[in-house]
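In what follows, a structure is listed as structure tokens, so that the remarks can point back to it.
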Amino acid sequence: MVDSAVPRFWREIPQRYNLIGNQCGVCDRIYFPPMESCPVCRRKSMDKMKNVKLSGKGEVVTYTITHVAPEHFEGQAPYPIAIIQLDEGPRITAQIVDCDINDVKIGMKVQSTFRKIQEDGWVGAIYYGYKFKPVK
Amino acid sequence: MRDVAVIGLGITKFGELWDKSFRQLIAEAGSKAILDAGISGKEIDALYVGSMSAGRFIGQEHVGALVADCAGFSHTHIPAVRVESACASGGLAIRQGFLTVASGMNDIVVVGGVEKMTDVVGSEATNTLATAADQEWEAFFGATFPGLYAMIATRHMYEYGTTREHLAQVAVKNHANGALNPNAQFQREISIENVLNAIMVSYPLSILDCSPVSDGATAVILCAADKAKKYTDKPVKIIGSGQASDTLALHGRKDICTLEATVHAAKTAYKQANIQPKDIDVAEVHDCFTIAEILAIEDLGFVKKGEGGKAIDKKITTLDGEIPVNTSGGLKAKGHPVGATGVAQVAEIVLQLRGEADKRQVDGAKIGLTHNIGGSGASCIIHILEAM
């Protein structure tokens, strides 16, 4: 079954392929995904949000090992999912790959990597985006 | 604002109720509540109903009108409102009904909560529950709903030394309470070993750390407090109502181990009720996963941050403990038909404050609290109730 029209995914390509966030021109805070306005500076930040590319460097804040996977992810279980603190400030939820699932730890240094995320059924689009791998 | 009281309640059995439809469940709960309150249909000014996702669970939206219709109110043409706040839909329906009576707009309202989750296959029920999380920035990347709470648990274990045994004891306690509740989905006790050895859903949460997929409905009747004694000898007053929101995604929160929505909603409700956490005699908290009850007792101020696990160990929250939590069995054992849950929590506290909770009665309970969470903590609704 194909669930979604393509534009829903196409419009998120900059964020998901290249980690494009944005920065408030007033307080310099960085957001990912990009915010329409800065929640701290609010109206002062309107029209002052600038896109920035994030380094993809960060560390694991917390994680889980997913054993019962959702639709479109069944073949991947068991897989780790983590919240990662990026060096620029924002936190992000993503899979950890390229390591033994037992080696995932809080505080582990990681780097983003471009991967296939899921497929929309047999005939739908293939979705790509970021996962994170350990920094050796 | 004027005072508001609960004057009646109706509860269906919770569980996999294959012979009951969405319509039958909510009509049954509503009828029982109306009979319990001893009101006539004509006295009802409005209807509020909590439902998280009838659109996905039974392919039916327009739930406000549907519920009025199937409960027999089509001829009175009462305003009927469906309320949605994910797993906190029921609690929010209570709050919306409460606000309209408190404002003087209505004198008597029916507040229902209902979910029919077993008309879809299990995987679709799980997908639907995941819509309470951030679809674009959590679920898209493979995070599941249990996975989000599992990540809270992992961090809580890391920061405070909470163990899987602590988590397991929440399930053990709530199953023991559920065994005393004739409407509970699971009326049997389990052991710590059962929880630890059960199939892993998302480490560190096994399937017995998770609340089930359930069908069920509950309804309560709210009435202006000055008119309540006309209908019942045992009205229960809502003395505090708090609601708060937070980031939809878990990763947006500064402290993974604190649900700020709970902290803020609790502050509002305690202030309105003019009480402290220590004044609460009995509480129904949102234990969609075992870790959620540990967070709840911390964020509600029953114990200090980080001591939730140890508090469970010390049996502070058991039926005969200092502050009994989830006497109904909680979401874990009573069942979690999501839209019904927040209303069912209020119904359990009303039973406790009326002294009608049978084998699970907390002796001398005067003040009770309900705590209903939406998503991984993006919504929280808290009510404090007192026997009049």
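Observations on the model:
- Some residue of segment A:40-61 being β-branched (Val, Ile, Thr) and under 26 Å from B:SER123 (Cβ atoms): no
- B:GLY72 vs. criteria of a type outside the set (Ser, Thr, Tyr), outside the structural domain of B:ALA273 (by TED's automatic domain parsing) and within 18 Å of B:ILE108 (Cβ to Cβ): yes
- Criterion applied to B:PRO212, B:PRO146, B:PRO182 was being of a type outside the set (Lys, Arg) and touching a Gly at 6+ places or on another chain (Cβ under 7 Å), and the one residue passing it is B:PRO212.
- Here B:MET117 qualifies as touching a Leu at 6+ places or on another chain (Cβ under 9 Å), crowded, with 24+ Cβ neighbours inside 10 Å and closer than 23 Å to B:LEU205 by Cα.
- Qualifying residue in segment A:115-133 (condition: aromatic (Phe, Trp, Tyr) and under 22 Å from B:THR154 (Cα atoms)): yes
Table: residues versus (1) within 18 Å of the chain's Cα centre (by Cα); (2) assigned to a strand (DSSP E or B); (3) under 25 Å from B:ILE192 (Cα atoms).
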| site | (1), (2), (3) |
| --- | --- |
| B:ALA217 | yes, yes, no |
| B:GLN243 | yes, yes, no |
| B:THR262 | yes, no, no |
| B:GLU298 | yes, no, yes |
| B:LYS305 | no, no, yes |
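To keep it simple, each residue is scored yes or no on (1) surrounded by 18 or more Cβ atoms within 10 Å (Cβ to Cβ); (2) out of contact with any strand residue (DSSP E or B) (no Cβ under 7 Å at 6 or more places or on another chain); (3) at pLDDT below 95.
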position: B:SER85; (1), (2), (3): yes, no, no
position: B:GLY90; (1), (2), (3): yes, no, no
position: B:ILE94; (1), (2), (3): yes, no, no
position: B:PHE141; (1), (2), (3): yes, no, no
position: B:ARG155; (1), (2), (3): yes, no, no
position: B:GLY161; (1), (2), (3): no, yes, no
position: B:LYS173; (1), (2), (3): yes, yes, no
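- Residue match in segment B:127-135 (condition: assigned to a helix (DSSP H, G or I), surrounded by fewer than 24 Cβ atoms within 10 Å (Cβ to Cβ) and facing another protein chain (nearest Cβ under 7 Å)): yes
- Number of positions in segment A:90-114 that are under 17 Å from A:LEU54 (Cα atoms), out of contact with any helix residue (DSSP H, G or I) (no Cβ under 7 Å at 6 or more places or on another chain) and among the basic types (Lys, Arg): 1
- All conditions in (1) small (Gly, Ala, Ser); (2) over 21 Å from the mean Cα position of the chain (by Cα); (3) more than 14 Å from chain A (Cβ to nearest Cβ); (4) farther than 19 Å from B:CYS223 by Cα hold for B:ALA88, with the sole exception of (2).
- Strands (runs of 3 or more DSSP E) within segment B:1-104 that include 1 or more residues aromatic (Phe, Trp, Tyr): B:46-50
- Residue within segment A:102-117 that is touching a Ser or Thr at 6+ places or on another chain (Cβ under 8 Å), crowded, with 21+ Cβ neighbours inside 10 Å, of a type outside the set (Ser, Thr, Tyr) and assigned by TED's automatic domain parsing to the domain that holds A:PRO134 present: no
- Pick from segment B:98-125, criterion among the acidic types (Asp, Glu) and touching a Lys or Arg at 6+ places or on another chain (Cβ under 9 Å), ranking: modelled with the highest pLDDT: B:ASP107
- Unmet criterion (only one of (1) closer than 22 Å to B:LEU331 by Cα; (2) surrounded by 22 or more Cβ atoms within 10 Å (Cβ to Cβ)) for B:HIS251: (1)
- Cross-chain or 6+ apart pairs with Cβ under 6 Å, segment A:16-31 first and free of Cβ contacts under 8 Å to residues at least 40 places away in the same chain, then surrounded by 15 or more Cβ atoms within 10 Å (Cβ to Cβ) and polar (S, T, N, Q): A:CYS24/A:SER45; A:VAL26/A:SER45
- All positions within segment B:175-201 that are surrounded by fewer than 18 Cβ atoms within 10 Å (Cβ to Cβ) and of a type in the set (S, T, N, Q): B:GLN187, B:SER191, B:ASN194, B:ASN197
- Residue in segment B:358-373 that is over 11 Å from the mean Cα position of the chain (by Cα), buried (at least 24 other Cβ atoms within 10 Å of the Cβ) and closer than 20 Å to B:LYS278 by Cα present: yes
- Among the residues of segment A:118-136, the one identified as free of Cβ contacts under 8 Å to residues at least 40 places away in the same chain and buried (at least 20 other Cβ atoms within 10 Å of the Cβ) is A:LYS131.
- Condition met for B:MET117 (aliphatic (A, V, I, L, M) and in the same structural domain as B:VAL67 (by TED's automatic domain parsing)): yes
- Pairs meeting the criteria (first residue in segment B:101-124 and within 14 Å of chain A (Cβ to nearest Cβ), second residue hydroxyl-bearing (Ser, Thr, Tyr), beta carbons under 8 Å, at least 6 apart or on different chains) are B:VAL120/B:THR128.
- Selection status of B:ILE291, of a type in the set (A, V, I, L, M), part of a helix (DSSP H, G or I) and either touching a residue at least 60 places away in the same chain (Cβ under 8 Å) or surrounded by 20 or more Cβ atoms within 10 Å (Cβ to Cβ) (or both): yes
Listed here are the residues, each with its yes/no results for (1) farther than 14 Å from B:ILE108 by Cβ; (2) crowded, with 23+ Cβ neighbours inside 10 Å.
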| site | (1), (2) |
| --- | --- |
| B:VAL4 | no, yes |
| B:TRP18 | yes, no |
| B:SER21 | yes, no |
| B:GLY41 | no, no |
| B:VAL49 | yes, yes |
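The values are calculated or read from the model by the stated rules, or taken from the named source; none is laboratory data. Note that the coordinates shown come from a computational prediction; the quantities given were computed from them, not determined experimentally. Quick reminder, even Gly has a Cβ in these numbers, built from the backbone with ideal geometry, and neighbours come from all protein chains shown.
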